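Colleague: What follows is a single structure, and I will ask about it in a moment.
The values are calculated or read from the model by the stated rules, or taken from the named source; none is laboratory data. These numbers come from a predicted model, not from an experiment. Reconstructed Cβ throughout: ideal geometry from the backbone, glycine too, with neighbour counts over all protein chains shown. Keep in mind that these areas ignore ligands, DNA and RNA; they rest on the heavy atoms of the full protein, side chains included. Shrake-Rupley method; radii C 1.70, N 1.55, O 1.52, S 1.80 Å.
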Amino acid sequence: MTDVRAQGLEVFRDMLPGLIPDGATSLRDDGVAGELLELGLDHVFGSLWTRPGLDRRSRSLVTLGALIALRASDELKAHFPIALRNGLTIEEISEVIYHMTGYAGFPAAASARAVAREVLANS
């Protein structure tokens, strides 16, 4: 296992506990684009989330803004709880959604609000 993969697994397990079984070092499957999750693990969690320039809290703010702009609802379902684990409050998450109305548009912010309400209802 590469250092990048090990770092990615550590970050991923810390931010999304329980999703990758202990001892697993691969997320590859036999389906179409079976290496996609491994690429994300290596490049996003192993290379980007471990860089020293921003803390995880700041990275969560930036990530939420980008995902809202992209209307990436499936990714937001994972990243709203990650943002809470990384120190953001519900109020700060709400402010990111409000802020994005000016930069990504009301429809994108409204979609993000719907996902946030669904995912964070019990937080």
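Colleague: Rg and Dmax of the chain, Cα atoms, in Å?
Modeller: Over the chain's Cα set, Rg and Dmax evaluate to 15.1, 44 Å.
Colleague: Could you work out the relative contact order of the chain, using alpha carbon pairs under 8 angstrom and six or more residues apart, expressed as a whole percent?
Modeller: Relative contact order here is 23 percent.
Colleague: With everything on Cα atoms, drop me the angle between helix 73-85 and the longest principal axis of the chain, reported from 0 to 90° to the nearest 10.
Modeller: Rounded to the nearest ten degrees, it is 90.
Colleague: If the only charges are +1 at each Lys and Arg Cβ and -1 at each Asp and Glu Cβ, what is the size of the charge dipole of the chain around the Cα centre, to the nearest 20 debye?
Modeller: So the magnitude is around 360 debye.
Colleague: Also: Please compute the per residue accessible area over segment 4-48 with all protein chains in place, 1.4 Å probe, rounded to a whole number of Å².
Modeller: 62
Colleague: How far apart, in nm, are two points set 7 Å out from the Cα along the Cα-to-Cβ line at L70 and at L19?
Modeller: 1.3
Colleague: Among T50, S26, V4, whose Cα projects farthest towards the positive end of the dipole of the chain, with charges put on the beta-carbon of Lys, Arg (+1) and Asp, Glu (-1)?
Modeller: Toward the positive end, the furthest listed residue is T50.
Colleague: For segment 63-116, what are Rg and Dmax over the alpha carbons, in angstrom?
Modeller: 9.7, 27
Colleague: Oh, and also: Of all accessible surface on the chain at a 1.4 Å probe, what whole percent is carbon and sulfur?
Modeller: Carbon-and-sulfur percentage of accessible area, whole number: 55.
Colleague: Moving on. Can you order the peptides 7-13, 27-33 by their average number of other Cβ atoms within 10 Å per residue, highest first?
Modeller: For the peptides 7-13, 27-33, the packing ranking is 7-13, 27-33.
Colleague: Now for a different question. Quick one: length gained pulling A121 to V32 fully straight, 0.36 nm per residue minus the C-alpha distance?
Modeller: 28.7 nm
Colleague: Can you tally the net charge around S73? Count Lys and Arg as +1, Asp and Glu as -1, for every other residue whose Cβ sits under 14 Å from the Cβ of S73.
Modeller: Local charge sum for S73: +1.
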